[in-house]
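A short worksheet on the structure shown next.
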Amino acid sequence: MDARALKIEAARAALEHVTDGMRLGIGTGSTAEEFVRLLAEKVAAGMKIIGVPTSERTAALCRELGVQLSTLDETPELDLTIDGADEVDAQLTLVKGGGGALLREKIVAAASKKMIVIADQSKMVETLGKFPLPIEVNKFGLKATELAIAAVAEKLGLSGPLTLRMTNGAPFVTDGGHFIVDASFGRIPDPRALSNGLHAVPGVVEHGLFLGLAQAAVIAGADGIRTVRA
Ligand code: 5RP
């Protein structure tokens with residue numbers, strides 16, 4: 001099975017957790033987009049849900065496919081969020097933000113009673129950190145914020161390049177109007193300590209470590225679907 005087929009299988013399995021009338025957080029990325037396509041088929045067949053998208057990109061796809069949307073301001077409490085991830089460990093700590101939507105993804109996940117991650121097997125890791133950690137930062141004082149991030153990392157015995165994410169020759173700008181710095185620290189043995197340290201840096205808006213937010217991960221591999229629970 002190719003990577004896309006695995007994403008579709010994970011999305012299909014997660015869709016079984018969606019029931020009529022749900023207020024649903026809808027993630028961002030290629031796996032989440034497969035979920036939106038399958039969800040749209042259910043909606044076309046009569047299922048009623050209200051979706052809260054985690055990015056403008058997801059919102060556009062939902063609109064195109066006829067999935068009814070709300071905002072988190074109109075619908076501040078959600079039943080379930082379904083979203084992809086860049087890395088998932090056995091405790092369901094995640095690295096997210098490869099698609100640049102980590103801030104809204106985290107706000108939406110935190111507003112949900114439950115979060116289910118959908119991913120193919122390649123996203124499961126023993127220790128987080130092979131995928132560079134996306135850190136959303138305020139545009140103001142970028143260099144000072146990068147120095148502060150490096151200092152936080154050094155205290156924890158971590159080091160590695162901080163790369164400003166670019167697109168079409170210009171810095172990538174998130175839906176919230178911020179930059180993203182991708183931190184290649186390598187293994188992150190203590191995600192909680194790094195999370196706390198990064199949150200203490202004033203220029204850091206949010207980071208892509210998701211701790212204690214996901215209750216389950218639906219993982220698709222060549223040998224089928226398995227569900228990892230926290
Ligand atoms: C976007 C994300 C995505 O969920 C993550 O990057 C996984 O994307 P994909 O399903 O395309 O591999 O966090 O900010």
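SER122 exposes around 90 Å² of accessible area when a 1.4 Å probe is run over every protein chain in place.
Taking one quarter of the surface of the convex hull spanned by the alpha-carbon atoms of the range 133-203 gives a direction-averaged projected area of 4.7 nm².
Evaluated at q = 0.14 Å⁻¹, a Debye calculation over the C-alpha positions of the chain (equal weights, vacuum) places log10 I(q)/I(0) at -0.85. Full extension of the chain segment joining ARG12 with GLU74 gains 19.5 nm, where the gain is 0.36 nm per residue of separation less the Cα-Cα distance.
Ordering VAL137, ILE82, VAL218 by the projection of their Cα atoms onto the charge dipole of the chain, which places +1 on the Cβ of Lys and Arg and -1 on the Cβ of Asp and Glu, puts VAL137 at the extreme positive end. The figure for LEU211 is an accessible area of roughly 40 square angstrom, using a 1.4 Å probe on the protein chains alone. DSSP bridge analysis restricted to the chain gives an antiparallel fraction near 55%, rounded to the nearest 5. Ordering LYS143, LYS155 by accessible surface, largest first, gives LYS155, LYS143; the 1.4 Å probe counts only protein heavy atoms, with every chain in place. With both labels modelled 7 Å from their Cα along Cα-to-Cβ, the GLU154 to ASP190 distance reads 1.8 nm.
Measuring nothing but alpha carbons in the range 1-84 and taking Rh as the Kirkwood radius, the Rg to Rh ratio lands at 0.94. Ranking ASP120, ASP175 from most to least accessible surface, computed with a 1.4 Å probe over the protein chains only, gives ASP175, ASP120.
Here, the range 56-175 is characterised by an Rg to Rh ratio of 0.99, where Rg is the alpha-carbon radius of gyration and Rh the Kirkwood radius. Set the Cα radius of gyration of the range 93-157 against 2.2 N^0.38 Å, with N its number of residues, and you get 1.34. Each Lys and Arg contributes +1 and each Asp and Glu -1, all at the Cβ; summed about the Cα centre of the chain, the dipole is approximately 140 debye.
Of the three principal axes defined by the Cα atoms of the range 181-230, the extents in descending order read 44, 22, 19 Å.
The values are calculated or read from the model by the stated rules, or taken from the named source; none is laboratory data. Everything numeric here is computed off the predicted structure, so don't read it as measured data. With ideal geometry, Cβ positions are generated from the backbone for all residues, glycine too; neighbour counts draw on all protein chains shown. Accessible surface areas use protein heavy atoms only, side chains included; no ligands, DNA or RNA. Shrake-Rupley method; radii C 1.70, N 1.55, O 1.52, S 1.80 Å.
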